[in-house]
Ligand code: DGL
């Protein structure tokens, strides 16, 4: 394996939700080449067992390492919650994950709410990570299982989504949280709605933006930032091309989705 500063960054997710992280990376680091892997045939992971997620995660990390990536980014909160150590154990290149990035950004909070998929919330990974950076904070978590399908349906500003958000966030409002961590790839798309429901007094932590900052810092520290200032290459590997893939993918990415390759596993 040979990686250098010109090598791509490998980003992966259970589906196309991780494109919110790719979007943040493209904006923050416009000269970096990126290889993305989305397991669109097997998504969602957020309701699967830890063993299954660890197995799928290993397969994906190995695939990207064979593409000679210089850094691995676990963009999926669910994989980061239960399988980040698995990736770190097998990877010769640095591994960053969205949970750590989100926890760093949330550390200014005193009463911190975390929302995510059932697997992410049940793992307690966010609470552990936040406590590492902010030991005195109080953390309140809430699984929001319906948010992923609602976002994929495109109901970003829909009455049904608003009602679901009001119901899910009730317990966090009762705890008077000052910070809300959006602990799932899909939730940054719900930011305007969540802001309306929570009010301006609650800081929303978008782990995609936080992740892009961490990647920039690690590349600089390890002298791995791409010195080239030419148009970078973006490749997207997926295990299936489901219905409305292009539309949904472009909504997450915020631009046209080109160079899509299908991997048959
Ligand atoms: N990517 C997942 C996450 O960030 C959401 C979709 C899924 O359940 O696989 O938790």
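The values are calculated or read from the model by the stated rules, or taken from the named source; none is laboratory data. Keep in mind the model is a prediction, meaning the values are calculated, not measured. Note: ideal-geometry Cβ built from the backbone for every residue, glycine included; neighbour counts use all protein chains shown.
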* Would you be able to say whether some residue in segment 60-67 is within 18 Å of residue 147 (Cα to Cα) and more than 13 Å from the chain's Cα centre (by Cα)? => no
* Could you give me the residue pairs with C-beta distances under 9 Å whose first residue belongs to segment 185-196 and is within 11 Å of residue 207 (Cβ to Cβ), whose second residue is at pLDDT below 95 and more than 12 Å from the ligand (Cβ to nearest atom) wherever it lies, and which are 6+ apart or on separate chains? => 187/206; 188/206; 188/209
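Only one of 136, 132 is assigned to a loop (DSSP other than H, G, I, E, B) and away from the ligand (no atom under 16 Å from the Cβ); which? Reasoning before the result, please.
Values: 132 fails: assigned to a loop (DSSP other than H, G, I, E, B).
From the options 136, 132, the qualifying one is 136.
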* To do: Out of 47, 43, 82, 69, report the one residue that is out of contact with any strand residue (DSSP E or B) (no Cβ under 7 Å at 6 or more places or on another chain), part of a loop (DSSP other than H, G, I, E, B) and either surrounded by 16 or more Cβ atoms within 10 Å (Cβ to Cβ) or modelled with pLDDT of 95 or more (or both).
  => 43
